Amino acid sequence: MFTPPANWRDLPARDRREARFAAWMALDGKPMATPAAQATFTRHTQRVKDIIDLKKPDRVPLLPFMGSFFAIYGGITAHDVMYDYAKYTQAWLKYNRDFQPDYLVFSGAFNPGKVFDLLDYKVYRWPGRGTPKTQPFQCVEAEYMRADEYDWYIADPEGFYMRGYMPRAFAALSGWAMLPTVFATMELPMIPAFMIPAGLPPVVQSFKAFIAAAEAALEYAGASGQADGQIMAELGLPPLPGGFTKAPFDIIGDTLRGTRAIMMDMYRQPAKLLAALERTVPIAVQMGVGTATGQNNPFVFIPLHKGADGFMSNADFKKFYWPSLKATLIGLVNAGLVPYLFVEGGYNQRLDVIADPEIPAGSTYWTFDKTDMQAVKRKLGGWAAFGGNVPNSMLHAGTPAQVTDYVKQLIDTVAGDGGYAMAAGAVVDEAKPENLHAMFDTCKSYGVY
Amino acid sequence: MSDELVKAIADMQEEEALALTKKLLDGGAEPIAILNACRAAMEIVGQRFEKNEYFIPELILAGEMLKTISAEVKPRLKQSVDGKKGAKVLLGTVQGDIHDIGKDIVSFMLDVNGFEVKDLGVDVPVAKFVEEIKTYQPAVVALSGFLTLAYTSMKETVEAIAAAGLRQQVKIMIGGGTMDQQICAYAGADAFGKDAMAAVALAKEWTGAK
């Protein structure tokens, strides 16, 4: 947990960021057990800080976003990852020891199945609950917010989430639909009436499930904390990224309305959609600030989904996708945080839009998938740190020689001025171990400045 | 007036398109003329998509308009118009992957371009593709996958089709989020298509359809 200094309110964004970086990089209270692990921790945190500051670090940082590759490599199933913490820990340790990445990358594949079972979660399917035991969790879109519920969401997003979204998204919490607004607690005579619904059987059931899931989440936090602590102690790898938030368009498009519905809303009720997007900005900022502060980490991970090339025209991107994302980024930067944008798909048409001078230089990091990296360097170089683009298809179907050449070519052509990190285009799931080794080894040897 | 309908649909004027449909039908227009207008409009939508003027919102909205208009028209049709469908395409998202949006758009664009499409849905077992090729006898098999985890399933599906001795009778295309030329070669498919119009172009090329 990051504790802001007493003069936080008076600090400019830059100083806030320095304070967050200093707390993240401090060795005090961290589990690194040996001087070597401490040295690694310091070197690796400085390395990524340098690229955000658009400087040349000691070498190109290695920042692939690890997915279920570690499980496949460790010989365990996607089901084991979500249900068997001992097996998970073993596989996670093995991957980190064998590959020695620069950072302890938060694993998107590791989530506690028991928590979702207890909540009877509907928005995703996971191993044994809708996907085969060998396949990780996947999202199933539906209209969890109906077309006529924009006004409710805009007026009271948290109330909508609690009484509208959650009872639909978590079958075990269906009783929450009966909960009154918490504003009904503002005077003594109102409180009994406020409490009554919570005593009704369906609501009691929902709270019981909620508490059971919370206990399971705590158990999971203990297990994953122990695994990560062990890796930090032994290898000195700093955890990255820390916080999490999403672009407002994706918040509404992914799990509230779904792709089809939000894209029809762009035509059928654009004014409401725009109002909802604007209303979502402070929520997205708050979510990023809260999660990053809780993790004592200056980075906020933001996967970008529905604004990629091909999803909508540039005119629509500028109208519907970008303004609320830009406001979110500025909100995070002002809070002293570094947005870590994970740009899925292609962004070739969007580079001119995202390189927005109103976002301060040296304040964001962008990792790209199928975007032309020469163009990225031209448009973003000197303004923001960037990386990515090692094709996941090549990591899986290519050869080590091919991967080595690709990594060298990236370093030769776009890494020269610093402000650059080596990363795969997408989350690393299926990949040949020898190809991943080729990527890591080449970056470590050839990427030295 | 059906020119106006073509224009309304092609220009994404949903309310106007639906109002015009009602007006035309109430005025005694032939239901088949309405469907022909829809087809003409979809051709324009497809062209605009190819020229990067239209994107996914427009394809989805066009699909919605078509669905609503068809529902209006179909009860008034004297005979079925399904008789003149073109070559058969078998489509599905490969085993282990449950993503459907891209697949559905491909299905829709193939359908409006005159192909007969059988959509097997998502998470389609390898054996199901093999069995359906035997019974449905498609000219083209289209494999969809969004996840990098679909790489192996793509390959296994193509291998199973070959092992069943069916590889020569079908052309196989792959597409979806993380697919590319390298995975096409890896899986042993015939082509990779980057979007729905590429799927249509490939299917036309392979079947000689216009």
Candidates B:A162, B:A199, filtered to the one that is away from chain A (no Cβ under 13 Å), of a type outside the set (F, W, Y), crowded, with 24+ Cβ neighbours inside 10 Å and touching a Gly at 6+ places or on another chain (Cβ under 8 Å): B:A199
Residue list for region A:43-85, restricted to those being in a helix (DSSP H, G or I), free of Cβ contacts under 8 Å to residues at least 60 places away in the same chain and surrounded by fewer than 22 Cβ atoms within 10 Å (Cβ to Cβ): A:R43, A:Q46, A:R47, A:K49, A:H79, A:D80, A:Y83
The listed residue being touching a residue at least 24 places away in the same chain (Cβ under 8 Å) and either assigned by TED's automatic domain parsing to the domain that holds B:G102 or touching a His at 6+ places or on another chain (Cβ under 8 Å) (or both), out of B:G177, B:G165: B:G177
Residues in region A:256-274 that are more than 14 Å from chain B (Cβ to nearest Cβ) and in contact with an Asp or Glu (Cβ under 9 Å, 6 or more places away or on another chain) total 2
Of the listed residues (A:A284, A:A275, A:A361, A:A315), the one being at pLDDT 95 or above and not in a helix (DSSP H, G or I) is A:A361
Counted residues in region B:38-48 being within 14 Å of the chain's Cα centre (by Cα) and within 14 Å of chain A (Cβ to nearest Cβ) come to 1
Is there any pair linking a residue in region A:120-146 that is touching a residue at least 40 places away in the same chain (Cβ under 8 Å) and within 12 Å of chain B (Cβ to nearest Cβ) to one that is in a loop (DSSP other than H, G, I, E, B) and among the aromatic types (F, W, Y), with Cβ under 6 Å and at least six apart or on different chains, and which? A:W126/A:F137
Pick from A:V353, A:V407: which is in contact with a helix residue (DSSP H, G or I) (Cβ under 7 Å, 6 or more places away or on another chain), assigned by TED's automatic domain parsing to the domain that holds A:P323 and either over 20 Å from A:K326 (Cα atoms) or part of a loop (DSSP other than H, G, I, E, B) (or both)? A:V407
From B:E156, B:E116, which residue is touching a residue at least 60 places away in the same chain (Cβ under 8 Å) and more than 9 Å from chain A (Cβ to nearest Cβ)? B:E156
Can you find a residue that is under 21 Å from the mean Cα position of the chain (by Cα) and away from chain B (no Cβ under 14 Å) anywhere in region A:393-409? no
Within region A:296-323, how many residues are without any contact (Cβ under 8 Å) to a residue 60 or more places away in the chain, more than 14 Å from every other protein chain (Cβ to nearest Cβ) and touching a Gly at 6+ places or on another chain (Cβ under 6 Å)? 1
What single numbered condition from (1) over 24 Å from A:P303 (Cα atoms); (2) within 14 Å of another protein chain (Cβ to nearest Cβ) fails to hold for A:T42? (2)
So which residues in region B:110-125 are closer than 9 Å to B:L91 by Cα and either crowded, with 18+ Cβ neighbours inside 10 Å or touching a Phe, Trp or Tyr at 6+ places or on another chain (Cβ under 9 Å) (or both)? B:V117, B:K118, B:D119, B:L120
Can you tell which of B:K194, B:K210 is surrounded by fewer than 24 Cβ atoms within 10 Å (Cβ to Cβ), charged (D, E, K, R), touching an Asp or Glu at 6+ places or on another chain (Cβ under 9 Å) and at pLDDT below 95? B:K194
Would you point out which residue out of B:I105, B:I98 is in contact (Cβ under 8 Å) with a residue 24 or more places away in the chain and assigned to a helix (DSSP H, G or I)? B:I105
Pull up region B:1-45, narrow it to residues that are of a type in the set (G, A, S), closer than 18 Å to A:Y267 by Cβ and buried (at least 20 other Cβ atoms within 10 Å of the Cβ), then point me to the one that is modelled with the lowest pLDDT. B:A41
Pairs needed: first member in region B:128-149, under 23 Å from A:C139 (Cα atoms) and within 14 Å of chain A (Cβ to nearest Cβ); second member anywhere, among the aliphatic types (A, V, I, L, M) and assigned to a strand (DSSP E or B); C-beta distance under 9 Å; at least 6 residues apart or different chains. B:S144/B:L91; B:S144/B:V94; B:S144/B:I174; B:G145/B:V94; B:G145/B:I174; B:T148/A:V428
Across (1) touching a helix residue (DSSP H, G or I) at 6+ places or on another chain (Cβ under 6 Å); (2) assigned by TED's automatic domain parsing to the domain that holds A:Y340; (3) not in a helix (DSSP H, G or I), A:P180 clears everything bar (2)
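The values are calculated or read from the model by the stated rules, or taken from the named source; none is laboratory data. Quantities reported herein were computed from a predicted structural model and do not represent experimental measurements. In this analysis, Cβ positions are derived from the backbone assuming ideal geometry, glycine residues included, and neighbour counts consider all displayed protein chains.
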